Amino acid sequence: MSHDSAKDEIRKESLGSLEPFADVEFGTVCRNNDHNMEDVVKLSTDHREIRERAKKGWRVYPGRSKYILRAPETTLVDLSDPTSNPSRNPAEVLGFFEFLEDNGVDDILDEAIEDLKVRELKGKTIETEKRIVGESNSIEEVPYQIFEYYKEASDGHESSREPVLRTESIENADPMTFDVYDEIRDFYDVVADTSIPPCMTVGSWTGSPEADVNVFVAKAAIPYFLGFVEETGEKPVLWEYHKGSRDTKEVKMFEEPLRNRKVNIYDKSYSGETLNGLAAEIEDEGGDSSIVATFPKSSQAVDNADYILFGDTFYDTDSIENDDNWHKELYCETFNLEPREI
């Protein structure tokens, strides 16, 4: 098959959501038009290949007539989400981010990593994050390897307060939170054969904006949902909703009436389009919606939100100067750091 034919096939199988533009050794690099960032994919109808790649961490999606296999990804560092980083010291995290920014992620990977096919992923919706993709889930060790490489090359960094936001095992949860987790896990076992991670994100939810009803978007926000239950003793609505997705059904758990009530909607946010779509549905049901973007990855996500959870602190977006360096400036404000010259 010619290169152009292969690209046309990816467009067709993805219903136009993937725009291929380059080849790497383990797949085809595509712009994901739904999320405005890059993916590495491969098409297949070979059940052995599908099974083997799935064992290596590739995610499998149905296309029109073939399966779309998406290569494993992981985060090297994320200024917005302290639970994603290889250090709990915010000064080190900022230094690591700037080291990658100054020297180029792919150049550093070439110097520091041997015998592993891996490259940087880019996109307008991941400004706060340095993200990589690889041929197998062995890339999960890469952030720690690159962080050690950075520490050897750096002069060290001052200490600052550690973020209070953290990830804990669901085994440490109160009985009510654990029962809610069991109910969610049992539901997804039936409808999607999806594993729900046994963890909760805790530490900041008592500072969340006030509302009559809180809605968390499944499945990405389930650890935040569980952390909210654990800290507040309240049980929000869990709403399966993804704008632009072809294969996700819209389902609500722990449903509450929304009419004439103030409703906060929480989800991890890259562009904010999913949150915008859900906000419109809530308005149609008579609710007064506000968007709370958890760990926003881009200026677009901030623009689309009323509030954000950045690091471990909630902000009203009207207070944020959303310029090219908003993420570094806000990170320094959150953790009381002195920014370098930007």
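The numbers here are math on the coordinates, done by the rules we state, and not lab data. Since we're looking at a predicted model, the values are computed, not measured. Using ideal geometry, Cβ is built from the backbone for each residue, glycine included, and neighbour counts are taken over all protein chains shown.
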Whole-percent tail of the Cα-Cα distance distribution for region 35-142, cut at 20 Å, equals 46 percent
Which one of 45, 239, 269 is farthest out on the positive end of the charge dipole of the chain, using unit charges on Cβ (Lys, Arg +1; Asp, Glu -1) and the Cα centre as origin? 45
Looking at 79, 96, 137, which one has the Cα that reaches farthest to the positive end of the dipole of region 74-153 (charges on Cβ: Lys, Arg +1; Asp, Glu -1)? 79
Whole-angstrom Cα spans of the chain along principal axes, big to small: 57, 53, 38
Taking the beta-carbon count within 10 Å as an exposure proxy, list 199, 30 from fewest neighbours to most. 199, 30
If you take the alpha carbon radius of gyration of region 166-325 and divide it by 2.2 N^0.38 Å, what ratio comes out, to two decimals? 1.00
Defining a contact as two alpha carbons under 8 Å apart and six or more residues distant in sequence, what relative contact order in percent does the chain show? 13 percent
Roughly speaking, what is the centre-to-centre gap between region 143-193 and region 37-64 when only Cα atoms are used, to the nearest Å? 26 Å
Viscosity 1.567 mPa s, 4 °C: Kirkwood-radius Stokes-Einstein D of region 95-158 over Cα pairs, µm²/s: 104 µm²/s
Lys, Arg +1 and Asp, Glu -1 on Cβ, resulting dipole of the chain about Cα centre, debye, nearest 20: 1340 debye
Please list 299-305, 289-295 highest first by mean number of surrounding beta-carbon atoms within 10 Å per residue. 289-295, 299-305
In Å, the Kirkwood hydrodynamic radius from C-alpha pairs for region 3-71 sits at 11.9 Å
